[in-house]
Amino acid sequence: MLTNLIIVLIIAVIVAGAAAKLISDRKKGGPCSGCPYSGLGDQSCHGQDHLSCDQTAEGNQ
Amino acid sequence: MKIALTGNPNSGKTTLFNAITGKIEYVGNWPGVTIAKKEGDVKKALNKGESRIRVVDLPGTYSLSPFTGEESITSEFVKNENPDVIINIVDATNLSRSLFFTTQLLELGIPVIVALNKCDLLHKKGIVIKRAELAEKLGCLVIETASTQGHGLPELIEQARIVYGHQQTAPFPGLNANVKDHAADDRIKHERFAFVEQLVKVVEMRNVASNKQTGQDAADRIIAHRVLGIPIFAAVIYVVFSISQTHVGPLFADYLVGWIDSFYEYVEGLMGADVSPVLSSLLLDGIIGGVGAVMGFLPLIMVLFFLLALLEDSGYMARVAVVMDRYLKRVGLSGKSIIPMVIGTGCAIPGVMATRTIRDDRQRRTTAMLTPFMPCGAKLPVIALFAGVFFSDAAWVGTAMYFVAILIIITGALIVKRITNEGSAKSYFIMELPDYRLPSLKRAFISMISRAKAFIIRAATIILLCNAVVHLMQTFTWSFQVVEPGMENTSILAGIASPFAFLLIPLGFGAWQLAAAAIAGFIAKENVVGVLAVVYSITNFIDTEEFVLLSGAGDVAAVMGLTSVAALAYLMFNLFTPPCFAAIGAMNAEMDSRNWLWAGIGFQFGVGYTVAYFVYQVGTLMTTGNFGAGVIPGLLGVMFIAGVIVFLIRRNDHKSKIELKEAV
Amino acid sequence: MELAVVNNIIKSRYHNKKLSLVSERPNLSEAVINVPYIIKEVNTTDQNMKDFLFTLGCYEGETVTVISVLADNYVISVKDARYSIDKDLARTILV
């Protein structure tokens, strides 16, 4: 039972870590972690919220 | 303190920016690579002062009067955001053009430093520039740099700190930049060039006139030849794929996959037998297996990235643009349409964003709609998987995918032109042809590492999450019971994917597992690989002999239940349907029209379906002598798609005839 | 009948376009390779393009040389740089 709990914790940490990295990248407005040419402008787009990723140049701080 | 980097396109601004900030922004040896401003701090090694120095890299421009959108970013920034110092990067091999922009910058009152870049090329081209005299005549500092080698950069930053706060005075009287009157503006522009011409006459000596034929021009005549250009391009891409996919890539990949496999076994052993099978399977098959399958392709992709970076650095891509422009112009696209498509081979998002430079609405929207057909970096593992498993790592698979993409783009543009019928919008094409140069291994290496890093981050975040979710959906039924062995069809995942799988039967891949992988591909295309690994419990797609030994169940192809023809159809379906959601978001932003967006997505689905249908049915007919399953329903589907397109074209023909009549 | 009228109009428009090609003034699209020409005028209604060409140093009185004709593009040398331009643009540069 204890081993199961540990495995659950490990999986939770991995998944939470991945999610946190995605969210923090989005918040920073940094480049899309996926694009090989990341940094080409303001591609803070990630999945769902991409509609806010407009073409203004100002968002690229 | 804030420094703005300005200069003509392809003068080396971004390379200089990377060198002084230590960042890795995308650099290409052709104009128009930077489409938005980028910021960074000067790295510690170069900054001798206490305060931090902010550097802003701006898109290249030839003057302060903007021509396209990305150039206006530059003029607006320089005029409105009051940088403390302007570093004007001047291509030393082309003073007579570059200094026109310099004369405009000198009038802004902000201290200007001219970085005489590409100085390393001067000797080779037989050019001598009297730097001191140039500085004196311009009334500003002139520093020789070679940003590709980092030469002259410490001095550049040092001088920027010194001139900070000074007032710049223009070296010539009476050229007020703020005139509104067009005739006066014209006169001033002429005076500017006259000033530059006189200046260049004094400070520059050339052994060879620049308008004489060179070896490069001779090379261009072959490489960008109207007939030869295309087979040369095909050969280049073939070589790239045969090195990365057939020869060098698998060499490294076998090692990596071996490590991933032993890691899998290590974790399996660590957990022992008393762990709940649901949990161990989630960790092993869902997370490690799924991410591992994608990561296994990293070596292949890295070799590919390295070779593509070499190509971009060499100046070849600008020639490809010239060859392709001819075909794109004929189908009503802008001459500039080729640039987004070449960028799209890296990632569709910046590719779609690069359509911003196209001024005509219809051409911009069409280009944004068609750019995602180019196989992007995320699609490469998918190509590599199918080429590896079904076609024994043949290089023609990857090459063919690029050329099918080009064919689809040309046909697609033709259809859009017929539907909208505004093809008469005149657009001119002009592009600077950069000099060929020996590509730098170091730059290609840096580019490869940064792209590999992005690939790994992506695998460890979005791909990992998707795989975990897919695995859970596969493990549980709708009533949240664990799926019974042999009852895999009752899982949530099967339930969601089955209706879609039904539609895919005529394409040769009506299994819910394959449908699920294709759907997950809309979140990120690498998911196709990850999800296939999860649903079929295959970690190792590369060392397939190893897999046969381990599973004993036959090879990967047999597990997936696909013939080679169906596999090719499935690969093409994944490549030529709509791109990932993020790219669709970019399409939405650049198209700026809901109608166009939905039409574009609909078109992309139609293309994916039609291409896969014909590849499967015709291929099956050729290999077995009979059509594949669902040939008639599929034909109805394809005819429906064709019917919609024909209807739209007819409607438009009708409309334009009415308009003509009214005009009469 | 109406349809025939419309079709005729379409035809005649196409024809006119062809005719206008014949009576063109000398421009860069007919230039001899490797011979420097002096630009007489940039003849386009597209003011933006005209301004842009200006900033490249491509304006009346300047020298331009056609280096080669690739596909349907012309490689020209203006100031000290090489550009690839298409035929439509070459036609607007009168020499």
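The values are calculated or read from the model by the stated rules, or taken from the named source; none is laboratory data. What you are looking at is a predicted structure, and each value in this text was computed from that prediction instead of being measured. When we count neighbours, we look across all protein chains shown, and the Cβ atoms used for this are built from the backbone with ideal geometry, even at glycine. Note: areas computed on protein heavy atoms with side chains; ligands, DNA, RNA excluded. Shrake-Rupley method; radii C 1.70, N 1.55, O 1.52, S 1.80 Å.
Taking each pair of distinct Cα atoms in the range B:327-404 once, what is the resulting Kirkwood hydrodynamic radius in Å?
Its Kirkwood hydrodynamic radius stands at 13.2 Å.
Tell me the label-point distance for the pair residue C:33, residue B:1, using the 7 Å Cα-to-Cβ offset, in nm and rounded to one decimal.
Here the answer is 5.2 nm between the modelled labels.
Run down the lysines and flag those whose C-alpha is under 19 Å from the C-alpha of residue B:379, throwing out any fewer than 8 positions away in its chain.
Excluding near neighbours in sequence, the set is B:453, B:525.
Give the calculated FRET efficiency between residue B:626 and residue B:488 to the nearest 0.05, with a Förster radius of 25 Å applied to their Cβ-Cβ distance.
The value I calculate is 0.30.
Rank-order B:328-340, B:51-63 by packing density, defined as the average count of other C-beta atoms within 10 Å over each peptide's residues, highest first.
By packing density, highest mean first, the sequence is B:328-340, B:51-63.
Quick one: what do you get for the range B:342-452 if you divide its Cα Rg by 2.2 N^0.38 Å?
Against the empirical 2.2 N^0.38 Å value, I get 1.30 for the range B:342-452.
Quick one: Karplus J couplings for the range B:352-357, per residue in order, coefficients 6.51, -1.76, 1.60, θ = phi - 60°, nearest Hz, x for Gly and Pro?
Along the range B:352-357, the couplings run 5, 5, 6, 5, 3, 6 Hz.
Starting from the coordinates of the alpha-carbon atoms of chain B, obtain the Kirkwood hydrodynamic radius over all distinct pairs and give the value in Å to one decimal.
27.6 Å
For B:94-100, what's the mean count of beta carbons from other chains sitting within 10 Å of each residue's beta carbon?
4
Two decimals is fine: what is log10 I(q)/I(0) at q = 0.12, 0.14, 0.18 Å⁻¹ for the range C:25-94, from a Debye sum with one equal scatterer on every Cα and no solvent?
-0.25, -0.34, -0.58
Show the residues, 5+ positions off or on another chain, whose built amide H is closer than 5 Å to the amide H of residue B:39.
Amide H neighbours of residue B:39: B:57.
Can you give the relative contact order of chain B as a percent, counting alpha carbon pairs under 8 Å and 6+ residues apart?
The value is 12 percent.
Averaged over peptide B:450-463, how many Cβ atoms belonging to another chain are found within 10 Å of each residue's Cβ?
Mean inter-chain Cβ contacts per residue within 10 Å come to 5.
Determine, from the Cβ-Cβ distance of residue B:197 and residue B:478 and an R0 of 56 Å, the FRET efficiency 1/(1 + (r/R0)^6), rounded to the nearest 0.05.
Efficiency, from the Cβ-Cβ distance: 0.10.
Dipole of the range C:25-94, Cα-centred, from +1 at each Lys and Arg C-beta and -1 at each Asp and Glu C-beta, to the nearest 20 debye?
For this selection, approximately 120 debye.
Considering Cα pairs under 8 angstrom that are at least six residues apart, work out the relative contact order of the range B:358-503 and quote it in whole percent.
14 percent
Given points 7 Å out from each Cα along the Cα-Cβ axis, report the residue B:581 to residue B:642 separation in nanometres with one decimal.
Placing both labels 7 Å beyond Cα along the Cβ direction yields 3.5 nm.
Any idea what % of Cα-Cα pairs in the range B:74-173 are farther than 20 Å?
For the range B:74-173, the fraction of Cα-Cα distances above 20 Å is 36 percent.
Taking beta carbons within 10 Å but only from partner chains, what does the mean come to for residues A:14-23?
Partner Cβ neighbours, averaged per residue: 5.
Restricting the count to DSSP beta bridges whose residues both fall in chain B, what percent are antiparallel, rounded to a multiple of 5?
Once the DSSP bridges in chain B are tallied, antiparallel ones form about 35 percent.
Hey, rough spin-label estimate for residue B:186 and residue C:41, points 7 angstrom out along Cα→Cβ, what's it come to in nanometres?
Spacing of the two 7 Å Cα→Cβ label points: 1.1 nm.
What list of ³J(HN,Hα) couplings, whole Hz, do you get for the range A:2-8 from phi and the Karplus terms 6.51, -1.76, 1.60, once you set θ to phi - 60° and write x for glycine and proline?
Running phi through 6.51 cos²θ - 1.76 cosθ + 1.60 with θ = phi - 60° gives 5, 4, 4, 4, 4, 4, 4 Hz.
Charges only on Cβ, +1 for Lys and Arg, -1 for Asp and Glu: so what's the dipole of the protein assembly as shown about the Cα centre, in debye to the nearest 20?
That gives a dipole near 2060 debye.
What ³J(HN,Hα) values, in whole Hz, does the Karplus curve 6.51 cos²θ - 1.76 cosθ + 1.60 give for the range B:263-268 when θ = phi - 60°, with x put for Gly and Pro?
The phi angles translate into 5, 4, 5, 4, 5, 4 Hz.
In nm², what is the average projected area of the convex hull enclosing the Cα atoms of the protein assembly as shown?
So the mean shadow area of the Cα hull is 39.0 nm².
So what is the calculated 222 nm ellipticity per residue for chain B, using -39500 (n - 2.57) for each DSSP H run with n of 4 or more, over all residues, to the nearest 500 deg cm²/dmol?
Per the formula, -18500 deg cm²/dmol.
Specify which residue in the list B:103, B:632, B:342 is farthest towards the positive end of the charge dipole of the protein assembly as shown, using unit charges on the beta carbon of Lys, Arg (+1) and Asp, Glu (-1), about the Cα centre.
With unit charges placed on the Cβ atoms, the residue in question is B:103.
Total Å² of accessible surface buried at the A-B contact, 1.4 Å probe, nearest 100?
When A and B are taken together, about 3400 Å² of accessible area is lost.
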